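To start, the structure itself, in structure tokens.
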Amino acid sequence: MFDNINIQRVLVAPLDWGLGHATRCIPFIKALQELGKTVLLAGDGPSAQLLQTEFPSLTLLPLRGYHISYAKSAWGLPWQLLAQAPSIFQTIKDEHAWLDAMIEEQQIDLVISDNRYGLYTKKIPCVLITHQLTIKMPFAWLERHVQKIHYSLINRFHTCWVPDCKGVQNLGGDLSHPLKMPAIPVKWMGLLSRFELSNQSADAFKYKYCFLLSGPEPQRTLLESIILKNIVDLKEPIILVRGLPSTSESIVTENVNLIVYNHLPAAELAQVILSSEWIICRSGYSTLMDLAALNKKAILIPTPGQTEQEYLAKQLSEQGIATTVAQSTFSLSESIAQAKKLNADSRASKELPFFNTNILQGLLLAIESL
């Protein structure tokens, strides 16, 4: 398909739907650097700011994001996304044209796109990273229809890398292991986490509760408000990481035991999580991979109406790895009571294999043989 492929300059571009797509790019950007590759980043907004914080020396190419916004209610989310469909497909078209220009200008040899469906071309190899080969929908007929459209987008790329494990022991369940696969080659990367793997368990926790916020607005802010109301009278040490890497605005809180950060770099955030007794967060896939890397269980609050997060939270709850609660009924005291019933011996990571540089080397060799 390609003659004399010599991969030296690699473009990495994550979707700007929350921060998870950017955070899970961190480990393979580091691996690309270990292999001596020149990495170029592309994006805008908070996700691009996060990667610039982690990799200040790398070039960031401005690329307009999808700028997805959520509804305030679960029932309104499908309609909100449907209303944004024309804008989404226009962005796909625009970034496709942008890539054609950038390939020559920046001498790009390989594109790695995390869920940005317009970053494909016939000129050079293009990889799509996604854990969501199946997009969960409320009706089976609708799910089949959406998957057909989804696969038509995936099949424009040369290969698909899935951040999960092949086989029965996996994290994504049906999301990453559909009955029917795309037409292009699919490779499993292992789990992707920005954190170093750890089995550390603290003898004494620094924080009683650690709240990790993420995801598109207005749902991020709505959950933040709910949390702040729940912790007004708590006397234990609490930490809240707001998931806002591109803002310097602070929030006013009545609780003197609360420490608030807009954002924390990966190494510092890992230490906060490890030194916290209880983790309360969304059930986004990248967040779950990070928790698995640190072998930490959590209380999961799926984004209302986001079927992927609801599916993952339910699956992990049934396995005794996490407790899940709806945002509309969240009570910290009740959630902690439920979480205490979790099996202390069940591992959050399920001993799943994680991505490493050797895996990446194999994936790149497979591309060079296309």
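The values are calculated or read from the model by the stated rules, or taken from the named source; none is laboratory data. Predicted, not measured: the structure shown is a model, and the values here were computed from it. Using ideal geometry, Cβ is built from the backbone for each residue, glycine included, and neighbour counts are taken over all protein chains shown.
Tell me the residue from Leu50, Leu40, Leu19 that is in contact with a helix residue (DSSP H, G or I) (Cβ under 8 Å, 6 or more places away or on another chain) and at pLDDT 95 or above, please.
Details: Leu50 fails: at pLDDT 95 or above; Leu19 fails: at pLDDT 95 or above.
Of the residues listed, the single one that is in contact with a helix residue (DSSP H, G or I) (Cβ under 8 Å, 6 or more places away or on another chain) and at pLDDT 95 or above is Leu40.
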Qualifying residue in the range 316-326 (condition: touching a residue at least 12 places away in the same chain (Cβ under 8 Å) and in a helix (DSSP H, G or I))
yes
Per the list (1) over 22 Å from the mean Cα position of the chain (by Cα); (2) modelled with pLDDT under 95, residue check on Ala293 breaks on (1)
Of (1) outside any helix (DSSP H, G or I); (2) in contact with a Pro (Cβ under 8 Å, 6 or more places away or on another chain); (3) crowded, with 20+ Cβ neighbours inside 10 Å, Phe2 satisfies every one except (3)
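Could you list, in sequence order, all residues of the range 252-269 that are part of a loop (DSSP other than H, G, I, E, B), free of Cβ contacts under 8 Å to residues at least 40 places away in the same chain and surrounded by 13 or more Cβ atoms within 10 Å (Cβ to Cβ)? Steps first, answer last, please.
Here is the first cut: in the range 252-269, the residues part of a loop (DSSP other than H, G, I, E, B) are 252-257, 262-265.
Filter once more, so that each one left must be free of Cβ contacts under 8 Å to residues at least 40 places away in the same chain: 252-257, 262, 264.
The answer is Thr253, Asn255, Asn257, Asn262, Leu264.
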Margin query: So for the range 150-159 (the condition being modelled with pLDDT of 95 or more, in contact with a strand residue (DSSP E or B) (Cβ under 7 Å, 6 or more places away or on another chain) and assigned to a strand (DSSP E or B)), does at least one residue qualify?
Written below: yes
Here the residues within the range 297-315 that are free of Cβ contacts under 8 Å to residues at least 60 places away in the same chain and among the polar types (S, T, N, Q) are Gln309
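Please determine, by comparing only the residues of the range 188-243 that are part of a loop (DSSP other than H, G, I, E, B) and aromatic (Phe, Trp, Tyr), which one is surrounded by the fewest Cβ atoms within 10 Å (Cβ to Cβ). Explain how you work it out, then say what you get.
Step one: filter the range 188-243 for residues part of a loop (DSSP other than H, G, I, E, B), giving 189-190, 192-206, 213-218, 231-237, 242-243.
After this cut, where a residue has to be aromatic (Phe, Trp, Tyr) as well, the list is 195, 205.
Details: Phe195: 23, Phe205: 16.
So the residue we want is Phe205.
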For the range 270-315 the number of residues that are in a loop (DSSP other than H, G, I, E, B) and polar (S, T, N, Q) is 5
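Looking at the range 337-351, which of its residues are surrounded by 10 or more Cβ atoms within 10 Å (Cβ to Cβ) and either among the basic types (Lys, Arg) or modelled with pLDDT of 95 or more (or both)? Before the answer, list the steps.
Step one: of the range 337-351, the residues surrounded by 10 or more Cβ atoms within 10 Å (Cβ to Cβ) are 337-340, 342-343, 346-350.
Lys340, Arg347, Lys350, listed by residue number.
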